[in-house]
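Working notes, structure below.
The values are calculated or read from the model by the stated rules, or taken from the named source; none is laboratory data. Quantities reported herein were computed from a predicted structural model and do not represent experimental measurements. We place every Cβ from the backbone using ideal geometry, glycine too, and count neighbours over all the protein chains shown.
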Protein chains: 2
Amino acid sequence: MPRGKCCGQRWWQGKLQGCGYRVTAGREAILDILSKSAGHLSAEDIYLKIHARDANVGLTTIYRTLDVLSDVGMVSKLDFGDGRARYELAEGPQGARHHHHLVCTACNKVIDYTDFIEEEVELLKQTEKGLEKKYDFHITGHVIQFYGLCRACSEGK
Amino acid sequence: MPRGKCCGQRWWQGKLQGCGYRVTAGREAILDILSKSAGHLSAEDIYLKIHARDANVGLTTIYRTLDVLSDVGMVSKLDFGDGRARYELAEGPQGARHHHHLVCTACNKVIDYTDFIEEEVELLKQTEKGLEKKYDFHITGHVIQFYGLCRACSEGK
DNA sequence: TTGTTAATGAAAGCCATTTTCATTAAGGAG
DNA sequence: CTCCTTAATGAAAATGGCTTTCATTAACAA
């Protein structure tokens with residue numbers, strides 16, 4: 001077994017077990033699919049990919065697993081306003097780097113951008129600090145997202 | 001009939017008719033409720049308020065009217081991630097002033113804040129410009145929102 | 001006043017997600 | 001390695017916000 005793969009498994013197995021969750025084939029499969037896809041998969045996307053690749057993991061389990069993985073902090077749940085949740089590997093040593101999303105409201109294409117991120121993050125950090133103090137809130141997250149029409153959708157109209 | 005009220009009515013009646021929509025009792029009632037409530041009402045909230053105040057407007061009509069009012073730009077549709085849309089009077093001469101939202105993920109309380117707004121708006125504007133150019137997008141909107149636990153929910157745990 | 005057509009409401013439908021419940025299997029104890 | 005406790009799973013049913021359908025009503029222009 002290749003060293004890299006082994007270490008990767010160790011990593012998420014430890015994280016799951018450390019949080020009191022069991023390591024199962026379904027969880028492994030879902031995590032594997034997320035790590036090999038370019039983000040933004042819906043539960044059904046994952047369901048289809050899992051069934052295409054090999055075998056049986058019910059939709060229910062996919063939803064439950066995604067909850068677990070969110071809980072553990074390995075996966076981020078995204079909302080692009082189209083009525084279904086999307087999931088991507090959370091940023092971190094194993095995941096992608098920090099980015100925000102630009103969503104086409106016509107074709108639902110999503111662009112991850114990292115430009116301007118530094119300024120955004122800096123402003124968000126300051127604002128969070130200010131809001132926490134002023135409103136006595138413990139801030140745990142934020143959403144910053146842009147919506148619009150991509151080139152194709154803009155012209156096709 | 002008081003002058004203020006008359007002018008207020010004129011205003012939205014004109015706006016509706018100018019966009020080819022008819023003026024109906026239901027639309028008047030919904031708009032009135034929105035203007036007298038402190039923001040963030042769900043369709044069902046409005047439904048209950050309408051039935052408490054006087055009479056019959058079906059939930060279907062409320063959804064349809066809110067769509068119309070969004071279309072005309074009189075109402076903003078909000079998404080706080082709890083699975084139901086919220087609506088508030090759009091900012092403008094008749095509506096509230098520009099603000100963003102701070103959401104408690106435990107009790108769903110929402111705080112409108114205007115602090116830090118100038119900087120946020122400025123950054124958003126610049127980022128939009130950059131993204132439009134780089135990704136050839138026509139940006140039509142954005143979401144910036146903070147999530148966390150309010151004082152009460154933080155302690156009650 | 002009348003005619004056209006948008007607006008309405010009740011009921012049915014839609015669909016992502018959740019719940020229920022009986023079955024299976026992870027992983028610690030022995 | 002085997003047992004045992006309990007989490008994990010899947011199928012099916014349920015949930016719930018929202019939308020569609022369709023027959024009826026009412027805006028408002030002529």
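Filter the stretch B:56-108 down to the residues that are free of Cβ contacts under 8 Å to residues at least 24 places away in the same chain, within 15 Å of DNA strand D (Cβ to nearest atom) and farther than 19 Å from B:Arg22 by Cα and list them by number.
B:Ser76, B:Lys77, B:Gly83
Scan the stretch A:74-88 residue by residue and report those that are in contact with a helix residue (DSSP H, G or I) (Cβ under 8 Å, 6 or more places away or on another chain) and surrounded by fewer than 19 Cβ atoms within 10 Å (Cβ to Cβ).
A:Ser76, A:Lys77, A:Arg84, A:Ala85
Listed residues B:Ile139, B:Ile62, B:Ile144; which is within 24 Å of B:Trp11 (Cα to Cα), touching a helix residue (DSSP H, G or I) at 6+ places or on another chain (Cβ under 7 Å), at pLDDT 95 or above and among the aliphatic types (A, V, I, L, M)?
Testing whether each residue is within 24 Å of B:Trp11 (Cα to Cα), touching a helix residue (DSSP H, G or I) at 6+ places or on another chain (Cβ under 7 Å), at pLDDT 95 or above and among the aliphatic types (A, V, I, L, M) leaves just B:Ile62.
Does the stretch A:93-109 contain at least one residue that is within 11 Å of DNA strand C (Cβ to nearest atom) and modelled with pLDDT of 95 or more?
No, the conditions are met nowhere in the stretch A:93-109.
Test each condition in (1) within 14 Å of chain A (Cβ to nearest Cβ); (2) out of contact with any Phe, Trp or Tyr (no Cβ under 7 Å at 6 or more places or on another chain) for B:Val103 and report the one that comes out false.
(2)
Somewhere in the stretch B:19-32, is a residue within 10 Å of DNA strand D (Cβ to nearest atom), of a type outside the set (D, E, K, R) and within 19 Å of B:Ala85 (Cα to Cα)?
no
Against the conditions (1) farther than 17 Å from B:Leu131 by Cβ; (2) within 7 Å of another protein chain (Cβ to nearest Cβ), where does A:Tyr87 fall short? Just the number, please.
All conditions are met except number (2).
I need the full set of residues from the stretch A:136-148 which are over 18 Å from B:Phe80 (Cα atoms) and either surrounded by fewer than 19 Cβ atoms within 10 Å (Cβ to Cβ) or of a type in the set (D, E, K, R) (or both), in order please.
A:Asp136, the sole residue that qualifies.
Can you work out which of the residues in the stretch B:36-65 that are among the small types (Gly, Ala, Ser) and surrounded by fewer than 13 Cβ atoms within 10 Å (Cβ to Cβ) is farthest from the chain's Cα centre (by Cα)? Give the steps one after another, and end with the answer.
Let us first name the residues in the stretch B:36-65 that are among the small types (Gly, Ala, Ser), namely B:37-39, B:42-43, B:52, B:55, B:58.
Keeping just the survivors that are surrounded by fewer than 13 Cβ atoms within 10 Å (Cβ to Cβ) gives B:38, B:52, B:55, B:58.
Numbers: B:Ala38: 10, B:Ala52: 21, B:Ala55: 23, B:Gly58: 20 Å.
The qualifying residue farthest from the chain's Cα centre (by Cα) is B:Ala55.
Could you pull out the residue among B:Val103, B:Val68, B:Val121 that is crowded, with 16+ Cβ neighbours inside 10 Å and within 25 Å of A:Tyr135 (Cβ to Cβ)?
The conditions single out B:Val103.
Please state which of the following conditions A:Leu41 fails to meet, knowing it meets all the rest: (1) in contact (Cβ under 8 Å) with a residue 12 or more places away in the chain; (2) within 16 Å of DNA strand D (Cβ to nearest atom); (3) among the hydrophobic types (A, V, I, L, M, F, W, C).
Going through the list (1) in contact (Cβ under 8 Å) with a residue 12 or more places away in the chain; (2) within 16 Å of DNA strand D (Cβ to nearest atom); (3) among the hydrophobic types (A, V, I, L, M, F, W, C), A:Leu41 breaks only (2).
I'd like the full set of residues that are at the interface with chain B (Cβ under 7 Å from one of its Cβ atoms) and aliphatic (A, V, I, L, M), limited to the stretch A:109-124. It would help to see each step written out before you state the result.
If we filter the stretch A:109-124 for residues that are at the interface with chain B (Cβ under 7 Å from one of its Cβ atoms), which is where we start, we get A:111, A:113, A:115-116, A:119-120, A:123.
The answer is A:Ile111, A:Leu123.
Taking the stretch B:125-157 on its own, how many of its residues are more than 7 Å from chain A (Cβ to nearest Cβ), within 16 Å of A:Thr140 (Cβ to Cβ) and among the charged types (D, E, K, R)?
2
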